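Colleague: Questions regarding the structure given below will be posed in turn.
Any read-out appearing in this document is the output of simple, stated calculations on the displayed coordinates, not a laboratory observation. As the structure is a computational prediction, the values presented were derived from the model and not from experiment. Every residue, glycine among them, receives a Cβ derived from its backbone with ideal geometry; neighbour counts consider all protein chains shown.
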């Protein structure tokens with residue numbers, strides 16, 4: 001089989017509709033009951049052969065994305081290459097649309113997308129289990145970025161159980177100026193919550209997802225990290241209030257923040273809430289998106305110029 005000259009993978013953002021956090025473990029992580037929902041805001045990562053590992057990025061806040069080996073996309077390429085005895089010589093270009101350092105797993109998404117793209121580019125043929133194992137090594141949110149849809153994450157979030165979703169949920173995501181450090185938010189959580197208990201998934205929330213009922217889901221949304229994020233960024237209170245005043249069924253900080261998420265009754269309601277948030281001056285921008293969304297997906301694999309596959313070949317979307 002002729003290997004492609006480039007592979008492009010699309011990967012979604014996430015919102016945590018429940019983020020229950022336990023006390024700090026001896027290894028510094030926290031046990032979680034983390035209900036992930038993938039949403040239709042996407043990054044795209046394109047992998048192409050190169051003389052060495054190189055990262056480029058374009059899109060909103062691209063200047064805030066690290067272009068060295070601290071980027072999870074670069075680490076994903078290195079880990080996959082090491083498993084198969086390859087040199088990680090690849091150019092990874094990130095087309096960024098997920099908010100940077102916004103609590104929506106944009107960096108984790110890029111790691112998952114790079115892993116899938118490099119697997120296709122190099123023809124390693126890694127199994128899903130192998131890819132998920134590498135994802136877990138990369139970070140707690142990376143496995144969910146690979147699978148998408150809806151899932152309950154336990155352990156530090158990397159152990160996934162898929163969840164059924166009975167309908168489409170409509171969201172508005174308000175981006176704040178600047179980011180929040182996830183480790184800093186967890187440290188503030190530890191300070192504010194000395195009596196944290198073992199986390200458990202909320203059965204009422206899981207039932208609301210299965211039923212596709214936005215009103216029931218609104219009553220069950222919960223994020224244990226929200227008080228810590230608001231403590232570090234008090235202005236988030238104004239954004240949350242503005243979205244609620246505009247008609248959101250519920251509002252919460254997305255993950256470790258500072259992006260805020262607003263659940264809407266439907267698509268038209270989401271558009272009105274986004275317009276009101278933009279006009280409120282309490283956020284930098286507001287985006288509408290629906291969930292659930294698919295996980296990391298190969299969009300195109302371009303054949304090498306002049307190869308037999310280049311004649312009459314067309315990718316499947």
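Colleague: With everything on Cα atoms, drop me the angle between helix 128-138 and the longest principal axis of the chain, reported from 0 to 90° to the nearest 10.
Modeller: 60 degrees
Colleague: Rounding to the nearest 10 and keeping the result within 0 to 90°, find how far the Cα-based axis of helix 72-83 lies from the longest principal axis of the chain.
Modeller: In the chain, helix 72-83 runs at an angle near 50 degrees to the longest axis.
Colleague: Still on this structure: Given a cut-off of under 8 Å on Cα pairs at least six residues apart, what relative contact order in percent is computed for the stretch 169-291?
Modeller: Relative CO of the stretch 169-291 lands at 42 percent.
Colleague: Once you place label points 7 Å from the Cα toward the Cβ at residue 213 and residue 83, how far apart are they in nm?
Modeller: Each label point lies 7 Å from its Cα, and together they span 4.1 nm.
Colleague: If you don't mind, there's one more thing I want to ask. With label points built 7 Å along Cα→Cβ from the Cα atoms of residue 168 and residue 271, find their separation and express it in nm.
Modeller: Label at residue 168, label at residue 271, 1.3 nm between them.
Colleague: Here's another thing I want to ask about it. Can you compute the equivalent ellipsoid semi-axes for the chain, i.e. the square root of 5 times each eigenvalue of the Cα gyration tensor, sorted largest first and rounded to whole Å?
Modeller: Over the Cα atoms of the chain, the semi-axes work out to 33, 21, 19 Å.
Colleague: Roughly how many whole Å is it from the C-alpha centroid of the stretch 24-101 to that of the stretch 172-243?
Modeller: A separation of 24 Å, based on Cα centres.
Colleague: Given the Cα-Cα distance of residue 231 and residue 63 and 0.36 nm per residue of separation, how much length would full extension add, in nm?
Modeller: 57.8 nm
Colleague: Less than 18 Å from a label point 7 Å out along the Cα-to-Cβ axis of residue 129: which backbone N atoms in the stretch 74-99 qualify, by residue?
Modeller: Answer for this model: 83-84.
Colleague: While we're looking at this one, here's another question. Restricting to DSSP H runs of at least four residues, report the calculated mean residue ellipticity at 222 nm for the chain, -39500 (n - 2.57) per run over all residues, nearest 500 deg cm²/dmol.
Modeller: -9500 deg cm²/dmol
Colleague: Counting DSSP beta bridges with both partners in the chain, what percentage is antiparallel, nearest 5?
Modeller: Expressed as a percentage, antiparallel bridges in the chain total about 90.
Colleague: Taking Cα atoms, how many degrees apart are the long axis of helix 267-280 and the longest axis of the chain, rounded to 10 and kept between 0 and 90?
Modeller: 80 degrees
Colleague: Ok, one more. In terms of the Cα gyration tensor, with a ≥ b ≥ c the square roots of its eigenvalues, is the stretch 169-291 rounded because a/c is under 1.5, prolate because a/b exceeds b/c, or oblate?
Modeller: Oblate.
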